[in-house]
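What follows draws every value from the coordinates through simple rules; no lab data is involved. Keep in mind that this is a model prediction, so the values were computed, not measured. All Cβ positions, glycine included, derive from the backbone under ideal geometry; neighbour counts span all protein chains shown.
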Amino acid sequence: MAEGQEPHGKFATRCIHAGQSPDPTTGAIMTPVYMTSTFVQASPGVFKDGYDYARSKNPTRTALEANLAALEDAGPEGAGLVFSSGLAAMDCVLHQLRAGDHVVLSDDVYGGTFRQLDKVYRHLGLDVTRVDMTNLDLVRGVMKPTTRLVWLETPSNPMLKVIDIAGVKRVVEGASPAPAPGVRSAELGPLGAPIEKPLLLVDNTFASPYLQNPLTQGADIVLHSCTKYIGGHSDLVAGALVTRSAALAERLRYVQNAVGAVPGAMDCFMMLRSTKTLHVRMQRHCDNAMGIAQWLEKHPRIEKVIYPGLASHPQHALAARQMRAFGGMISVVVKGGLAPSRRMLERVRLFSLAESLGGVESLIEHPAIMTHASIPAEARRVLGIDDGLVRLSVGIEDAGDLVADLERALS
Ligand SMILES: *Cc1c(COP(=O)(O)O)cnc(C)c1O
C-alpha cells in the first residue's frame, strides 16, 4: 500500500471507519439501514446530497461504497460501486464494450465469468482469448489492436496460480490499440467516449483487499464477489467494482443505475459490519491456511499441496512480493485419484462439503465434480484439475481442530 495515501489511516482503521460517520440525525454510531425507495424533495428537482431514488443512490450503500474504495486504495478521484452479485458487477463492466471488441482472460477464470462472456454476451460478437497469464510472453502474444479488456484472477481458482499484475500492466501499456470503432455520440452520455487503451481488470475475490490492492499496481478496475471474503459469513450474495479513475467511475455508475443490479440496504449494512473485521478475519484465514498447508505437505496420503505460501509453489517468490500474506485457499491432490478424495470429502466433520469460499467456517469441495464440472474433462486436464484435486477454504476455527478433522478424514 502506497505510504502517504491513507486518507483514513492504516488498513485496520479504514476497515472500521472509512466511509462512515455518526448518523447526523441521532448520532447513531452505526450507519442506519435506509430501507427506503425514494427521498422527499424540497422543491421539484431539489434533493438532499443527490438522493432522489434508491436505485441511483442509497445512504447505506454510499457508506459501503466509500468503505470499499478506501480498502482498495482508490485515491481521491476513485470510487467503489456495489452490486447485487459479483456477476452483476461483471455485467456492468461488459456493458462498456462494443461489438467485435477483443477480451483477454486468464485461462482458469471463475466458471461464471467465462459463461457470461461465452453465452450471455455471445450475440455481441466479442472475440475472447484465454491465456496462461503466468507467462507474460503469452499475454503479449495474444494482444490485438482491438483488445479493450484484459481480465485476470490472482490467485486463481482452483489452481491458485499467481499472476504478476504489474507485469500484465506493462504488457497492456505496450500494446498498440486501434482507434475504437462504433457509433460515438454525445447522446450516449458517458458511454459515448471510446475506450482508447485496453482496461486491465483484476478479480480480487480470492485475495481480498487485505492481501493486495491491484489498483496500486496498475489495474484500472478491481472486481469482488463480496459473497466471499468481504461478506465473510456465508450469508449474502453481492459484488463490487472499484476504480481510481473518475471518468471510468462515471461510466460504471451510469450503467449501474441504468441496468439496476443494485443490492438492498440490509445487505449493504451487513457488508459494512463484515468489513469492520476483514483484517482480523483475513489474518486468521492466512495463519490457519499456512499451518494446514505445511502439515498437509508432510502427509503420506497427499501427493501435492498447492498454496502460494509454500516454497514449492511455482510463483511463491512473486506471491511474496505481490501479496501481504498468502490467503485462506489451499488445493491438494490426494494420492490415488477420485475414490480416496471422495472418501476424504465424505469423512470430514468440521469442514463442510459445499461450494463457495471465504466464510468464517471451513469448506471443502471437489472441483472436478462440483465447481468445475462444466469444464470438459480434457480442458480440466490441461488446467491441471486432477480427479484427486480437493479445494479447501480454510475458516477461522481453531487450527488444531481443523488439522485433527483432516487427519481423521485421511486416515
Ligand atoms: C464467486 C465468484 C465470482 C462470482 O460472484 P457471485 O457473487 O457469485 O456472483 C466471481 N469471481 C470469483 C473469483 C468468484 O469466486
Go through His285, His313, His299 for me and flag whichever is assigned to a helix (DSSP H, G or I) and either touching a residue at least 12 places away in the same chain (Cβ under 8 Å) or among the aliphatic types (A, V, I, L, M) (or both).
His285
Output for the stretch 109-139, where each listed residue is in contact with a strand residue (DSSP E or B) (Cβ under 9 Å, 6 or more places away or on another chain) and away from the ligand (no atom under 16 Å from the Cβ):
Leu126, Asp127, Val128, Thr129, Val131, Asp132, Thr134, Leu138, Val139
State all residues of the stretch 353-411 that are closer than 19 Å to Gly111 by Cα and β-branched (Val, Ile, Thr); if no residue qualifies, say none.
Ile364, Ile369, Thr371, Ile375, Val382, Ile385, Val390
Residue tally, condition more than 10 Å from the ligand (Cβ to nearest atom) and either under 21 Å from Leu152 (Cα atoms) or within 17 Å of the chain's Cα centre (by Cα) (or both), over the stretch 67-98:
20
Working only within the stretch 55-86, note down all residues that are surrounded by fewer than 21 Cβ atoms within 10 Å (Cβ to Cβ) and either among the acidic types (Asp, Glu) or more than 23 Å from Val40 (Cα to Cα) (or both).
Ala66, Gly75, Pro76, Glu77, Gly78, Ser84, Ser85
Looking at Thr62, Thr31, which one is free of Cβ contacts under 8 Å to residues at least 60 places away in the same chain and among the polar types (S, T, N, Q)?
Thr62
Hey, among the residues in the stretch 106-124 that are of a type outside the set (Ser, Thr, Tyr) and within 21 Å of Arg251 (Cβ to Cβ), which one's surrounded by the most Cβ atoms within 10 Å (Cβ to Cβ)?
Leu117
In this structure, does Ser352 turn out to be closer than 22 Å to Asp387 by Cβ and surrounded by 15 or more Cβ atoms within 10 Å (Cβ to Cβ)?
yes
Among the candidates Ala261, Ala240, residue that is of a type in the set (A, V, I, L, M), within 14 Å of the ligand (Cβ to nearest atom) and buried (at least 21 other Cβ atoms within 10 Å of the Cβ)
Ala240
